[in-house]
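Asker: Structure in structure tokens, see below.
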Amino acid sequence: MFRESEEFYRNLIAQVKDYAIFATDPRGVIITWNEGCKNVLGHDRDEFIGQHINILFTPESVAAGAADKEMEMAVEKGSVSDDRWMTRKDGTRFWASGITTAMRDDAGNLVGFTKVMRDLTGRKQVEEQLRQSQLYMRTLIESLPQLVWTCRPDGECDYLSPQWVDYTGIPESEQLGFDWLNQLHPDDRESTIAAWNRAVKEKSAFDVEYRIRGADENYRWFKARGLPLCSAEGEIFKWFGANMDIEDQKRVEASLRESEATAAYLAAIVESSDDAIISTDLRGAIRSWNRGAERLYGYTEAEVVGKPVSMLIPPERRDEESPILKLIRKGERISQYETVRRRRDGTDVDVSLTASPIQNRAGDVIGMSKTSRDITWRKRVEEERERILARESESRAAAEEANRLKDEFLATISHELRSPLNAILGWARLLRDPEVREQQLERALEIIERNSQAQARLIEDLLDVSRIASGKLSVQMRPVTLNSTAQGVVAGMRPAAEAKGIDLRLIEDEEIKLIGDADRLQQVVWNLLSNAIKFTPEGGRIEVELKRVGERAELRISDTGRGISPEFLPHVFDRFRQATDADARARAGLGLGLTIVRYIVEAHGGSVTADSAGVGLGTTFICKFPLAGAEQEAVPAVESQQPQLAHSAEPSLRGIKVLVVDDDEDARDVLRAALNRYGAEVTTATGAPQALDTLASEKIDVLVSDINMPGMDGYELIRRVRAMKPEQGGRIPAIALTAYARAEDRMRALQSGYQTHVPKPVEPAELEVVVAMLARSFKGYG
């Protein structure tokens, strides 16, 4: 197969005489020859075949291994082209353009190379001569007064004379390529490009006049003439041209033409104007009609000349024309009068109209000239601007309102946090008096505990809103009975209602099952019911009603309290929103509870609405939830109640040694007192370094550590503890104690090495249970 291909190849190339075409084996030994090898290289067939390809390369190329590199690149790329000096049989050099191609058989094995070479010495010599003459030409060019330039065949400028640069005031580098066109007058660019393309196509002189912007930003007229330089084959390889300043000549010509062509010039202006320019006699009959009028109104000149101009005026505006004609007869001018005109197709167009009197040589008014400009686009822009200004005003008002709400929220949160703090600090100071402590100890403790829990609820509301904003408020869905949830909350809130003499009723006809989070649903009922109790005066009534409505469950909480104004009702579920100032003073809280309610209800696939007839007329909140399927088993909700300290006969932590680590002295004292109360032996440390020393020297059963401590925090402390050997306390059970109560804070504590995470404020009973559980579970850890 290869032999047949080789024979075909030889027959094909035998007649080619302008190209040297031959083949070599994989080592570079020549195995074929054509007539072109004789013409281009001077080698006969017998003396050529069998020679290494190096006989064609110059000595310096042979020394550099050029032939081997060429074959390697051909093997890598399949084919490689190269222009270089080569040698003929007689030793003369010529500039050769060659292509080397790797040949492979059907199996992909390399069987040799083919090479095609052409003698381009003539063109190379021309290029060299041209290069050598460039210095001479540049010197000559720079001595001329004209603006000289040269271009490549495609028209990209590659040289601009110093005179051009001096005139434009722009460096040559910023005008090369096609950038020089930027210096032309915009009106001249299109014609210049067309003339250039024509000259390139016809290989003829480029001859055109155009204006060039000077360094003073003024334009001057130049006559440009460029000639193509062609190769022996007739191909353009360079353009040479010069621009002559003809500004003065143009001005003289313009001056000569101006006096004799004024009328024609003015007529041309009128005819070419984009504005509609028409003239009428003093009776309003149309006398002339330009193309701008034809474009604007849709009528041809033949259709309107002789007819009344009122045909362009909508019927409802016909009375405009008489006052205009009266002013024109007096010789007065009407400028930029905005009105509406009607087109041929019946549509109206907004126009700006200018009317001027036409006078004869004697100064008598003989007619009227009207110029109408389409201002539809301007009207649209103005309308859009008005809309943008309105939107901007709304946005600014919204931003100001948001800023006001922020200030109100900060003031409210300060008030809400300070109010319980006032009661806590006040009673704490009163208890220093032995007389007061003896008489009112129980009441003081009850008030301190209630206000502390109120502060904790406020903080939890803030955290819930933060979780809602970040999309991290968790809702654990499972079957639940809504009745149990409502019953638990009503039972927990009944004492507060009875204390105000409020009649609190729970109305339920049947058991209602949902798929939801029992704790979050309890939070919904608690928030709505606590609001109702807060805003219902003594002797009022509150009803909590559960019922089925179609395919949904409905929770309805209504009261006879203060109610909500119609203006504020649409914003009742917005974050941080309070009603009017008077209403806000009457309402305690941060304005977060209802936001949390709406989020939780919607997270359950439900909806919540508020209804009130007005201030003083009570409020009704309605929550609707999708019902659960009949086959799903409901889980009763946990009753809403505050945890109480359990008093056991025997201290539950007797014999357990606890290390408490906290940089806050008050926190250490309260933890030590609480744990001592349950029988624990407590050692305290003011920071992580002291805690590590204590663990190394004493046997500790449980570690209780704060997280946020200066220097080494609780995370680093537990990492160092877990790095200790078991016998040194490395496996001690540990509790993370922190005011950071987010889910991610709990996960970080557990991942760092703590067994559990207890948020502040700490319930002593909860801490007792956790310490006891860990101490029993990890007994004998070391």
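Asker: Cβ under 12 Å from V208's Cβ, V208 left aside: what net charge do those residues give with Lys, Arg +1 and Asp, Glu -1?
Answerer: So the surrounding residues net to +1.
Asker: Step by step: find N for the stretch 279-325, compute 2.2 N^0.38 Å, then divide the Cα radius of gyration by it. What's the final number?
Answerer: For the stretch 279-325, the normalised Cα radius of gyration comes out at 1.13.
Asker: Let me ask something else about it. Below 19 Å, Cα to Cα, which lysines can K534 reach? Residues fewer than 8 away in the same chain don't count.
Answerer: Cα-Cα hits under 19 Å: K500.
Asker: Where Rh denotes the Kirkwood radius from the mean inverse Cα pair distance, what is Rg over Rh for the stretch 70-225?
Answerer: 1.19
Asker: Per 0.36 nm of contour for each residue apart, how much would the distance between D68 and A491 grow if the chain were fully extended, relative to their Cα-Cα spacing?
Answerer: Fully extending the segment from D68 to A491 adds 142.4 nm.
Asker: Which whole-Hz ³J(HN,Hα) couplings does the stretch 483-493 yield from phi under the Karplus relation 6.51 cos²θ - 1.76 cosθ + 1.60, θ = phi - 60°, glycine and proline marked x?
Answerer: Result, ordered by residue: 4, 4, 4, 5, 4, x, 5, 4, 5, x, 8 Hz.
Asker: Of all the accessible heavy-atom surface of the stretch 644-773, with the other protein chains kept in place and a 1.4 Å probe, what percent is carbon and sulfur?
Answerer: Its accessible area is 49 percent carbon and sulfur atoms.
Asker: Keeping every protein chain present and rolling a 1.4 Å probe, give me the accessible area per residue for the stretch 499-569 in Å².
Answerer: Roughly 44 Å² per residue, with all protein chains present.
Asker: A further question follows. In whole angstrom, and with the biggest value first, how far do the Cα coordinates of the stretch 647-766 range along each principal axis?
Answerer: Principal axes ranked by extent give 38, 34, 23 Å for the Cα atoms.
Asker: Sort 104-111, 480-487 by the packing proxy (mean of other Cβ within 10 Å over each peptide's residues), most packed first.
Answerer: By packing density, highest mean first, the sequence is 480-487, 104-111.
Asker: If you don't mind, another one. When N is the residue count of the stretch 156-254, what does its C-alpha Rg come to as a fraction of 2.2 N^0.38 Å?
Answerer: Here the Cα radius of gyration is 1.11 times the empirical estimate.
Asker: Further question: So what's the stretch 668-713 giving for Cα Rg divided by 2.2 N^0.38 Å, two decimals?
Answerer: Compared with the compact-globule rule of thumb, the stretch 668-713 sits at 1.18.
Asker: How many angstrom lie between the Cα centre of the stretch 509-541 and the Cα centre of the stretch 373-396?
Answerer: 50
Asker: A further question on this structure: For K201, which lysines qualify as cross-link partners when the Cα separation must be under 25 Å and same-chain residues fewer than eight apart are set aside?
Answerer: Hits, sequence-local ones excluded: K223, K238.
Asker: Put a dot 7 Å past each Cα toward the Cβ at S452 and E142; how far apart are the dots in nm?
Answerer: Between E142 and S452, the label points sit 9.4 nm apart.
Asker: Tell me, what % of the accessible area of the stretch 175-309 is carbon and sulfur with a 1.4 angstrom probe?
Answerer: 53
Asker: Given a 1.4 Å probe and every protein chain left where it sits, what share in percent of the accessible area of the stretch 359-400 is carbon and sulfur?
Answerer: Carbon and sulfur together cover 49 percent of it.
Asker: Measuring from centroid to centroid over Cα atoms, what is the spacing of the stretch 650-709 and the stretch 184-245 in Å?
Answerer: 94
Asker: Just subtract the alpha-carbon distance of I31 and T339 from 0.36 nm times their residue separation and send over the number in nm, one decimal.
Answerer: Answer, rounded to one decimal: 101.7 nm.
Asker: Also, quick follow-up: Residues of the stretch 726-771: accessible area per residue at 1.4 Å, in Å²?
Answerer: About 48 Å² of surface per residue is accessible.
Asker: Now a separate question. Pull up the cross-link candidates among the aspartates and glutamates for K250, meaning alpha carbon to alpha carbon under 13 Å and not fewer than 8 places away within one chain.
Answerer: By straight Cα distance, K250 reaches E209, E258.
Asker: Going from the alpha-carbon gyration tensor of the stretch 337-387, what semi-axes, largest first and in whole Å, does one get by taking the root of 5 times each eigenvalue?
Answerer: 31, 14, 6
Asker: Continuing with this model, one more query. How large is Rg over Rh for the stretch 688-747, taking Rg from the Cα atoms and Rh as the Kirkwood inverse mean of 1/r across Cα pairs?
Answerer: 0.97
Asker: Under a 1.4 Å probe, what is the accessible area of the stretch 43-195 per residue, stated in Å²?
Answerer: 56
Asker: Find how much the distance from D281 to R391 grows on full extension, using 0.36 nm per residue of separation minus their present alpha carbon separation; answer in nm with one decimal.
Answerer: In short, 34.7 nm is gained.
The values are calculated or read from the model by the stated rules, or taken from the named source; none is laboratory data. Given the structure is predicted, the values throughout are model-derived calculations rather than measurements. In this analysis, Cβ positions are derived from the backbone assuming ideal geometry, glycine residues included, and neighbour counts consider all displayed protein chains. The area values use the complete protein model at the heavy-atom level, side chains included, leaving out ligands, DNA and RNA. Shrake-Rupley method; radii C 1.70, N 1.55, O 1.52, S 1.80 Å.
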